[in-house]
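Only one structure is covered here, and it is reproduced in the block below.
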Amino acid sequence: MIDRATGALRFNDGVVIDPTLTRAQFLQMRPGETCDVSVRNEPWCSWRVTRLTSGGRVFIAVVQFRGEELQSVELVESDLVGFGDWKDWSEARELEDQRRYAIFLSSELGSRRSFPWGTTSAIYDARSGGSFIKISYRDSDVTSASPQLLVVGLLTFFGSIVAALTDHDILGGTLLCLAIALVGIYVVRR
């Protein structure tokens with residue numbers, strides 16, 4: 001179902017969701033039994049797709065786009081979803097579902113969870129009270145670059161101050177600190 005090399009999700013009936021899928025292509029394919037908007041907060045928009053089948057399993061998917069780019073897919077095996085009320089819910093059951101999802105990911109991908117195309121994880125979300133599989137195709141957390149940008153900004157600022165206090169070339173000091181920051185970011189990213 002999950003292609004290790006590409007991150008493509010392959011379901012029965014020829015439905016394929018992969019990292020290159022655009023929003024327009026997704027809307028034309030009409031996957032699953034139903035496909036309805038789940039959350040719309042442009043440029044972010046997600047769709048809830050029901051009855052996607054693969055290998056005898058039936059899934060509900062939430063497919064999220066940012067503009068035209070596919071960001072993530074969240075999968076819940078519909079047999080594991082409780083459609084009762086909250087009195088039937090238990091954290092123990094949700095943690096067991098998370099464990100099942102982790103086993104499923106291991107059977108599909110081995111022990112790796114990070115790939116060139118994205119990341120996968122089995123999640124229990126205490127706030128929503130549910131467990132699911134998440135496949136992230138892009139860095140959908142727009143704040144993830146912030147610490148690096150902050151480091152570059154601070155080093156540039158301090159480089160300018162040091163250069164000014166020591167009567168050295170401000171531009172030279174700034175460029176030196178910027179170069180050091182970029183090397184540091186490169187090393188951390190590897």
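The values are calculated or read from the model by the stated rules, or taken from the named source; none is laboratory data. All values derive from a computational prediction rather than experimental measurement. Please note: Cβ atoms are built from the backbone with ideal geometry, for glycine as well, and neighbour counts cover all protein chains shown.
Within this structure, Ile17 fails the test of being closer than 15 Å to Phe104 by Cβ and at pLDDT 95 or above. Restricting to region 84-111, name every residue that is under 12 Å from Ser131 (Cα atoms) and polar (S, T, N, Q). Those that are under 12 Å from Ser131 (Cα atoms) and polar (S, T, N, Q): Ser90, Gln98. Here's a check for you: in region 21-43, which residue that is hydrophobic (A, V, I, L, M, F, W, C) and under 17 Å from Lys134 (Cα atoms) is surrounded by the fewest Cβ atoms within 10 Å (Cβ to Cβ)? Of everything passing the filter in region 21-43, Val39 is surrounded by the fewest Cβ atoms within 10 Å (Cβ to Cβ). Residue check: Arg66 meets all listed conditions (1) touching a Pro at 6+ places or on another chain (Cβ under 8 Å); (2) surrounded by fewer than 18 Cβ atoms within 10 Å (Cβ to Cβ); (3) free of Cβ contacts under 8 Å to residues at least 60 places away in the same chain but one, namely (3).
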